[in-house]
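Novice: Pasting a structure below so you can have a look.
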Ligand code: ADP
Ligand code: MG
Ligand code: ZN
């Protein structure tokens, strides 16, 4: 039988790392917003962040394709996230981060640090790139998580379960965050990653554009 002390500990220190992942349109942001709103209903103090590459719809909120929103702070990289969060960490119990794939590997250390401080950390992000390759640092976050939720979308070609994000058209701009008509969810059979080398180079963010590379902000 669990002692009252143990139960009280679980209520006060809900330390855990949760990762919500899958292709675009799979409902990652919706699920993140759902969990954070429930935490707020339970009177947990929530802080939510997103990278400044994602300024779709709202600059001061995370948003889903189904128009759900939740207030969030936009940061350039993990360093800035820490600079905003740490001075107020005593007042924060749950930390939510959307579009986590746009941060660098130091997000993994930050997640470990926060869980070490007894916080609940919920991270949402793409598991694969438009080439179908693992999208760092999500794989490492999945490895250290207490719980991983892998969502799927609906294939826009055939209606089957979609696990891939298809980039459409010939626009080769480096970063097109969520631009309408530029991406769609595809099943394995309908997914067509670019094979041409020039296009493949542009499937991932260039090093300087990745939200957590210090050079991107300090240059
Ligand atoms: P993500 O953050 O994973 O990109 P969102 O949470 O922003 O996803 O949006 C999920 C919502 O997108 C769904 O609830 C649905 O309303 C809408 N949607 C649009 N296209 C699709 C699709 N192909 N498959 C599933 N949902 C889709
Ligand atoms: Mg999203
Ligand atoms: Zn399909």
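No value in this document is a laboratory result; all are computed from the given coordinates. Fair warning: this is a prediction, and the values are worked out from it, not measured in the lab. Note: ideal-geometry Cβ built from the backbone for every residue, glycine included; neighbour counts use all protein chains shown.
Novice: Order 30-36, 71-77 from most to least packed using the mean count of other Cβ atoms within 10 Å.
Specialist: Details: 30-36: 21.3, 71-77: 19.1.
Sorting 30-36, 71-77 by mean packing, highest first, produces 30-36, 71-77.
Novice: If you stretched the chain out fully between residue 86 and residue 43, how much longer would it get, using 0.36 nm times the residue separation minus the C-alpha to C-alpha distance? The partial results should precede the final answer.
Specialist: Numbers: separation 43, 0.36 × 43 = 15.48 nm, distance 2.02 nm.
Full extension of this stretch gives 13.5 nm more.
Novice: Tell me the Kirkwood hydrodynamic radius of the stretch 80-192 in angstroms, computed as one over the mean inverse distance between distinct C-alpha pairs. Don't skip to the end; give the middle numbers.
Specialist: Working: mean 1/r = 0.0632 Å⁻¹.
Value: 15.8 Å, from the Cα pair sum.
Novice: For a Förster distance of 22 Å, can you work out the FRET efficiency between the beta-carbons of residue 60 and residue 113, rounded to the nearest 0.05?
Specialist: Values: r = 25 Å, r/R0 = 1.14.
Efficiency, from the Cβ-Cβ distance: 0.30.
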